[in-house]
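Structure, as structure tokens:
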Amino acid sequence: MVMKRIVYILSVCAISLSSCSELDLNPLSTGSNANWYEDESEVVMSLNDLYREAFWPKDSESYSDNFQSRSNTNEITNGTINSESSMVETRWKNAYKAIGRVNSLLANIDKAAKSIPEASLSKYIAEAKFIRASQYADLISHFGDVVYTEGVPDLAIASALSRTPKATVLKHIYADYDSAAMFLPTSYGSTETQRATKGAAYAMKARIALYMGDYAVARDAAQNCMDLKVYQLYPDFAKLFALTTKNSVESIFVIPRSVEFGSCLGKGGSPYLDNAGDWMTRNPGCYAGNNPSWELFCSFLCTDGLPIDESPLFNPREPFKNRDPRCTATIVEFQTRHLGYMYQPHPDSLKCYNFNTGKYVTNNDSRGVNQYASYDGIMFKKGIDDSWLTSGNKVDPDKIIVRYADVLLMYAEAKIELKEIDQTVLDAINKVRARAYGVTYTQTSAYPSVTTTDQTALRKILRTERRVELANEGLRYMDLIRWRLAEKALTKPSYGMLDPADLRTKIIKTGLWFFPEVPSIDEDGLPDFTSMYNKGLIKLLAIRSFDANKEYLWPIPSKDILINPNMTQNPGGY
């Protein structure tokens with residue numbers, strides 16, 4: 001018998017939950033709607049399960065132009081995403097699993113209502129609505145119109161559900177976030193408890209409103225979050241992402257991870273990064289497979305606030321000098337210590353210094369030694385430090401869903417698009433930028449503060465600021481989608497260094513290392529390497545592809561189309 005997928009997802013007949021390291025404090029056996037939700041502990045454990053990582057997906061940085069992995073592409077960047085892609089099915093299925101469990105909880109919570117204090121009951125309902133709103137927000141941002149229900153439909157109804165226009169779903173999302181914000185606490189008073197808060201409801205509402213181009217709602221929601229006076233920018237940008245920095249003052253909503261208690265975090269998602277070696281350099285024995293793109297590298301402004309093709313401070317031979325501090329906090333600078341070794345990808349640097357032994361060793365991060373060293377010569381540094389080396393290829397930084405810097409930039413963007421450009425817009429951007437320089441935003445002579453009030457100029461500044469501030473945090477892809485820039489950014493080729501022999505003859509001997517030229521930056525803040533490539537000075541690594549006619553929305557999973565006659569496919573979906 002063919003399983004009805006929507007029935008499986010929405011008509012939740014049974015709940016199977018696993019105990020969690022911090023969220024589930026007691027073991028929980030299998031229960032069903034008939035005998036579950038009888039007391040407060042069962043309600044709490046049901047909510048706890050909804051904080052598992054699988055229900056809080058983030059788009060991979062590899063979907064965007066911030067990322068390069070040797071000569072590889074994926075279903076997004078090579079334009080082959082389709083209705084049978086596992087990423088499509090998993091995103092859709094997990095969202096509806098969570099929605100079904102929320103709906104089941106809300107439909108049955110009256111069973112336990114008599115034993116729960118009124119304030120606690122209101123908070124639990126608010127948490128559930130926050131989670132449901134977040135699931136639907138993720139769905140409409142990726143799939144457009146989706147199946148919407150607040151109930152637990154029976155077999156006959158569920159098998160015939162059709163898609164609800166996203167504008168209608170958006171109204172329900174707003175209502176759930178508003179209801180959540182009314183009853184959620186501003187804080188739980190503990191750094192060990194990371195759950196939905198009033199600020200999280202406002203921040204997530206601002207995000208989906210911004211994604212949908214509903215700028216007035218985004219502005220107000222972001223303002224509400226800021227007005228709580230609960231969050232602030234963590235003073236050290238580089239340390240914000242360290243393994244030792246958990247649930248910082250900047251964190252608004254995060255999913256905690258734990259290597260130690262990983263087996264307790266439930267099925268459906270990794271409780272830690274289990275491919276840490278792909279993000280680390282080769283000298284300490286890792287793989288260097290996941291790299292920042294040259295496009296990202298060249299997007300960091302110079303310390304005068306100008307892009308590299310306009311600033312007299314930029315030297316393509318020393319590309320890390322005179323750059324926004326977030327450049328060297330995000331990307332490993334040449335000739336600096338990283339993971340116990342001096343990092344230098346120069347093809348003639350066949351040896352490098354091992355700080356742990358005080359000796360020179362074979363430099364596996366040079367393609368002159370190892371063919372699998374970074375193809376574009378650069379590596380991510382953001383959040384990656386020596387503590388990763390003792391993890392057995394598993395690390396557990398907080399999974400940051402939304403942080404305060406993002407809210408400040410969302411507020412500024414909404415106001416820019418509404419043509420409500422005032423000092424609060426400049427302050428919001430400058431607070432984020434000044435933090436990178438280690439100064440307060442009022443110290444305008446100590447960093448390149450933003451002063452222009454021109455909408456076009458501010459839009460470009462804001463978009464660049466988001467790119468460099470939020471790099472490798474899973475937000476670039478949706479930024480490209482909502483700005484309708486994916487068809488431009490994701491059709492640009494991915495470039496890297498020439499092979500070692502050509503590097504030596506065309507670049508090293510002619511004094512052109514590292515960048516042979518200064519790439520131009522276009523009106524959308526996107527670097528262009530065409531000139532260097534046409535002169536044979538860099539290598540084409542991969543061709544990206546993006547079809548604007550069909551890829552701004554993900555396709556609906558094919559299984560749901562096949563079993564439900566009322567389910568329609570997105571344009572171009574197959």
(request) Given the peptides 485-498, 381-394, arrange them by the average over their residues of other C-beta atoms within 10 Å, most packed first. (result) 485-498, 381-394
(message) Using 0.36 nm times the number of residues separating LEU562 and GLU487, minus their current alpha carbon distance, what extension gain do you get?
(response) 24.0 nm
(request) Compute the length gained on full extension between LYS351 and ASP278: take 0.36 nm times their separation in residues and subtract their Cα-Cα distance, giving the result in nm to one decimal. (result) 24.1 nm
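May I ask for the equivalent-ellipsoid semi-axes of the range 356-490, computed as the square root of five times each C-alpha gyration tensor eigenvalue and listed largest first in whole Å? Let's see the in-between values first.
Values: eigenvalues 253, 72, 49 Å².
Whole-Å semi-axes of the equivalent ellipsoid: 36, 19, 16.
What is the calculated FRET efficiency for LEU228 to GLU260, with r their C-beta to C-beta distance and R₀ = 35 Å, to the nearest 0.05?
Values: r = 33 Å, r/R0 = 0.93.
Working from the Cβ atoms, E equals 0.60.
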(request) Calculate, for ASP236 and SER162, the FRET efficiency according to 1/(1 + (r/R0)^6) with r their C-beta to C-beta distance and R0 45 Å; round to the nearest 0.05. (result) 0.35
(request) Treating the angle as unsigned and between 0 and 90°, give the value, to the nearest 10°, between the Cα long axis of helix 40-49 and the longest Cα principal axis of the chain. (result) 30
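Once fully extended, how much extra length lies between THR328 and ASP524, figured as 0.36 nm per residue of separation less the alpha-carbon to alpha-carbon distance?
Details: separation 196, 0.36 × 196 = 70.56 nm, distance 2.31 nm.
Extending this stretch completely gives an extra 68.3 nm.
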(request) Could you please state, rounded to a whole Å, how far the C-alpha centre of the range 43-119 is from the C-alpha centre of the range 340-367? (result) 42
(message) Over the Cα atoms, compute the radius of gyration (one decimal) and Dmax (the largest Cα-Cα distance, rounded to a whole number) for the range 492-569, in Å.
(response) 20.7, 66
(request) Would you list the P(r) distribution for the chain, with all Cα-Cα distances sorted into 20 Å bins from 0 and each bin expressed as a whole %? (result) 20, 53, 25, 2, 0
(request) Would you mind computing the Rg to Rh ratio of the range 98-245 from its alpha-carbon coordinates, Kirkwood style for Rh? (result) 1.02
(message) Relative to 2.2 N^0.38 Å, what does the C-alpha radius of gyration of the range 233-392 come to as a ratio? Two decimals please.
(response) 1.15
(message) What's the ranking of 367-373, 298-304 by average number of surrounding C-beta atoms within 10 Å, highest first?
(response) 298-304, 367-373
(request) Work out Dmax and Rg for the range 287-344 from the C-alpha atoms and quote the Rg first, both in angstrom. (result) 12.0, 36
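About the Cα centre of the chain, what is the dipole size in debye to 20, counting +1 per Lys and Arg Cβ and -1 per Asp and Glu Cβ, all else neutral?
Numbers: 64 positive and 68 negative charges, 151 e Å.
That gives a dipole near 720 debye.
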(request) Amide H neighbours of CYS302 under 5 Å, at least 5 residues apart or on other chains, H built in the peptide plane: list them. (result) ILE308, ASP324
(request) Determine, from the Cβ-Cβ distance of ASP386 and ALA119 and an R0 of 41 Å, the FRET efficiency 1/(1 + (r/R0)^6), rounded to the nearest 0.05. (result) 0.35
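Read-outs throughout are calculated quantities, based only on the coordinates presented, and are distinct from any laboratory measurement. Remember, it's a predicted structure, so these values are computed and weren't measured experimentally. Don't worry about glycine lacking a Cβ; one is built from the backbone with ideal geometry, like all the others, and counts go over all protein chains shown.
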